[in-house]
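What follows is a single structure, written as structure tokens, with notes after it.
The values are calculated or read from the model by the stated rules, or taken from the named source; none is laboratory data. The shown structure was predicted, so the numbers you read here are calculated from the model rather than taken from an experiment. Backbone-built Cβ (ideal geometry, glycine too); neighbour counts: all protein chains shown. Surface areas here come from the heavy atoms of the whole protein model, side chains and all, with no ligands, DNA or RNA. Shrake-Rupley method; radii C 1.70, N 1.55, O 1.52, S 1.80 Å.
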Amino acid sequence: MTAKPSFYITTPIYYVNDIPHIGHAYTTLACDVMARFKRLDGFEVMFLTGTDEHGQKVEKSAAAKGKDPLEFCDEVSQRFRDLAEFMNFSNDDFIRTTEERHKISCQALWRKLEESGNIYLDKYAGWYSVRDEAYYAESELSEGEGGEKLAPTGAPVEWVAEESYFFKLSAWEDALLDWYEQLPETVLPKSRKNEVKSFVEGGLRDLSVSRTSFSWGIPVPGNDKHIMYVWIDALTNYLTAAGYPNVDSDIFQKFWPADIHMVGKDIVRFHAVYWPAFLMAAGIELPKRVFAHGWWTNEGQKISKSLGNVIDPFDIVAEFGLDQVRYFLMREVPFGNDGDFSRNAMINRINSDLANDLGNLAQRSLSMIFKNCDGQIPEVGAFTAEDEQILSQADGLLPQVRELMERQSINKALETIWKVVSDCNVYFAGQEPWALKKTDPERMGTVLYVTAEVVRQIGILIRFVMPDSADKLLDQIMVADDKRGFDNLGIAGRLTSGVALNKPEGVFPRYVKADAS
Ligand code: MSP
């Protein structure tokens with residue numbers, strides 16, 4: 001047997017200064033959906049997520065709660081693992097930067113950077129934002145209402161002057177520009193690539209990569225007065241989980257370089273400038289793609305703790321249902337763009353796409369089979385042009401969806417699948433199987449067979465987004481567990497006439513507004 005192709009996808013690791021919110025759930029969901037898609041498509045997948053636990057921001061948050069940093073990290077990190085389980089995320093590993101394996105990996109990478117002459121000791125004097133964990137040049141700052149200096153993100157900055165190690169980022173300008181140029185799809189969407197490209201073209205300054213004024217982090221090997229800059233520490237997690245520094249290990253050989261680092265648009269610079277520069281300097285292969293998604297607003301407003309409009313993923317799932325929320329987040333906005341979370345839009349998707357379009361199609365056709373065909377997948381007569389047409393639309397979905405997923409056009413992939421759902425509704429209504437019941441029961445059987453077959457294919461095709469609901473649907477038409485991968489789409493897996501169905505039950509309920517009283 002030939003080895004399966006591999007696919008390594010990562011989420012950013014989440015700061016534990018705060019509990020998980022919709023933004024975190026969104027990034028991980030997008031990776032989960034990509035990971036599930038690839039598994040169904042025959043890949044051996046490693047899907048990594050985790051928590052970013054070092055640095056001044058986390059140290060301060062722990063102190064504010066009167067907690068020891070590790071105890072604080074243990075608690076918040078657990079919330080992220082709970083969220084992963086709750087949202088049915090299929091991550092293969094969960095990394096914490098406070099783990100020993102990660103310390104070993106970071107220190108090994110540091111030594112490589114030092115040995116290759118890319119790190120030197122000097123003094124840093126400049127602006128730093130703890131909230132962003134980022135350094136800023138004077139020219140990037142603006143003035144707040146009270147005259148205080150602010151980073152472009154609106155975060156406050158403070159003046160830092162201390163001994164620091166520097167990474168020779170300036171030496172990697174040309175190599176980075178070549179990378180963007182030669183592999184035009186390494187940073188997506190294109191607008192983000194242009195943004196990082198012009199940042200690099202504007203000239204890179206060496207990067208301060210250690211701090212001495214606090215202690216919550218990984219010590220610099222050979223000089224433990226210095227703590228590594230939290231971003232060097234954090235980015236290295238992607239290597240750690242792939243077995244670094246053991247580059248000869250099976251896992252590293254199989255999964256490095258990563259196929260996709262999925263990130264939010266706010267952290268592209270770290271992933272598409274600093275990270276590839278570190279890797280090139282250490283002689284390590286570069287990731288194949290950094291994809292930056294957009295941000296969610298809540299009913300048109302920026303989500304922030306101070307506005308009190310943070311969306312808790314646990315709450316919305318409790319109200320709308322897990323697969324419903326998964327579907328909405330992936331379907332509502334072109335992946336890469338910003339999106340607005342609104343209750344109306346959510347309810348609309350649930351009632352229109354799920355309950356009406358797919359739910360009714362499945363429920364109506366399967367209950368007709370259950371009632372009128374002895375509860376068995378009907379026999380088929382000769383196919384008409386309409387039958388052939390809708391079947392070939394379903395059979396032709398995978399290559400289209402696969403191509404869209406190659407570019408992380410997740411919402412377009414769903415749109416393409418739903419076009420067939422909607423055409424199948426038109427087919428079903430046009431064939432009027434309920435009228436055929438009296439006039440031509442054999443023809444009715446064929447129409448119901450064709451519809452159930454399309455439902456089977458849609459069921460398999462939506463498993464990557466709505467795994468539980470899809471499986472419920474496939475259970476009803478008795479699709480065996482090992483026949484739910486993409487190699488069973490199309491003619492390969494056609495339903496077998498005569499197989500007894502399970503009693504059909506609605507899989508996608510309508511959202512009915514809870515009674516306010
Ligand atoms: N710890 C760093 C990442 C280190 S990766 C080596 C970090 N953590 S974070 O917890 O602040 O953010 C993690 C992700 O959540 C980012 O990709 C960010 O874009 C995403 N989101 C935070 N708020 C968001 C929205 N309102 N909408 C969508 N995603 C958002 O940055």
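Quick notes on this structure:
- Inspection of region 399-416 finds no residue satisfying the criterion of being part of a loop (DSSP other than H, G, I, E, B) and farther than 22 Å from Asp32 by Cα.
- Screening Pro12 against (1) within 9 Å of the ligand (Cβ to nearest atom); (2) touching a Leu at 6+ places or on another chain (Cβ under 9 Å) leaves a single unmet condition, (2).
- Within region 53-90, considering residues that are in contact with a Leu (Cβ under 9 Å, 6 or more places away or on another chain) and not in a helix (DSSP H, G or I), the one surrounded by the fewest Cβ atoms within 10 Å (Cβ to Cβ): Asn88
- Per-region count, region 181-203, residues farther than 18 Å from Leu169 by Cα and open to solvent by 60 Å² or more (accessible area, probe 1.4 Å): 8
- Test result for Phe328, more than 11 Å from the ligand (Cβ to nearest atom), without any contact (Cβ under 8 Å) to a residue 40 or more places away in the chain, open to solvent by less than 30 Å² (accessible area, probe 1.4 Å) and among the hydrophobic types (A, V, I, L, M, F, W, C): yes
- Conditions (1) surrounded by fewer than 16 Cβ atoms within 10 Å (Cβ to Cβ); (2) closer than 29 Å to Thr27 by Cα: number failed by Thr384: (2)
- Any hit, region 164-171, residues being over 24 Å from His293 (Cα atoms), polar (S, T, N, Q) and touching a Ser or Thr at 6+ places or on another chain (Cβ under 8 Å): yes
- Residue list for region 113-139, restricted to those being under 19 Å from His271 (Cβ atoms) and surrounded by fewer than 18 Cβ atoms within 10 Å (Cβ to Cβ): Arg131
- When Ser213 is tested against (1) within 16 Å of the ligand (Cβ to nearest atom); (2) modelled with pLDDT under 95; (3) polar (S, T, N, Q), just one condition goes unmet, and that condition is (1).
- Each residue in region 477-488 was checked for being open to solvent by 20 Å² or more (accessible area, probe 1.4 Å) and either in a loop (DSSP other than H, G, I, E, B) or at pLDDT below 95 (or both), and 2 pass.
- Residues in region 180-230 that are out of contact with any helix residue (DSSP H, G or I) (no Cβ under 6 Å at 6 or more places or on another chain), of a type in the set (Asp, Glu), touching a residue at least 24 places away in the same chain (Cβ under 8 Å) and not in a helix (DSSP H, G or I): Glu185 alone.
- Test for Gly146: is it open to solvent by 30 Å² or more (accessible area, probe 1.4 Å), more than 30 Å from Phe252 (Cα to Cα) and in a loop (DSSP other than H, G, I, E, B): yes
- Counting the residues of region 233-271 that are outside any strand (DSSP E or B) and within 15 Å of the ligand (Cβ to nearest atom) gives 19.
- From the list Ile347, Ile369, the one residue that fits, being buried (at least 20 other Cβ atoms within 10 Å of the Cβ) and not in a loop (DSSP other than H, G, I, E, B), is Ile369.
- When residues of region 15-52 are limited to those that are at pLDDT below 95 and part of a loop (DSSP other than H, G, I, E, B), the one farthest from the ligand (Cβ to nearest atom): Ile19
- Test: residue in region 449-464 that is at pLDDT 95 or above, of a type outside the set (S, T, N, Q) and farther than 20 Å from Ser365 by Cβ: yes
- Close pairs (8 angstrom Cβ cut-off, 6 or more residues apart or separate chains): in contact (Cβ under 8 Å) with a residue 60 or more places away in the chain in region 10-33, near the ligand (Cβ under 7 Å from one of its atoms) and β-branched (Val, Ile, Thr) anywhere: Thr11/Thr27; Pro12/Thr27; Pro12/Val263; Pro12/Ile267; His21/Ile303; Ile22/Ile303; Gly23/Ile303; Thr27/Val263
- Of residues in region 430-467 being part of a helix (DSSP H, G or I) and open to solvent by 50 Å² or more (accessible area, probe 1.4 Å), the one nearest to Asp32 (Cα to Cα): Gly430
- Restricting attention to region 276-325 and to residues that are open to solvent by less than 60 Å² (accessible area, probe 1.4 Å) and part of a strand (DSSP E or B), the residue that is nearest to the ligand (Cβ to nearest atom) turns out to be Trp296.
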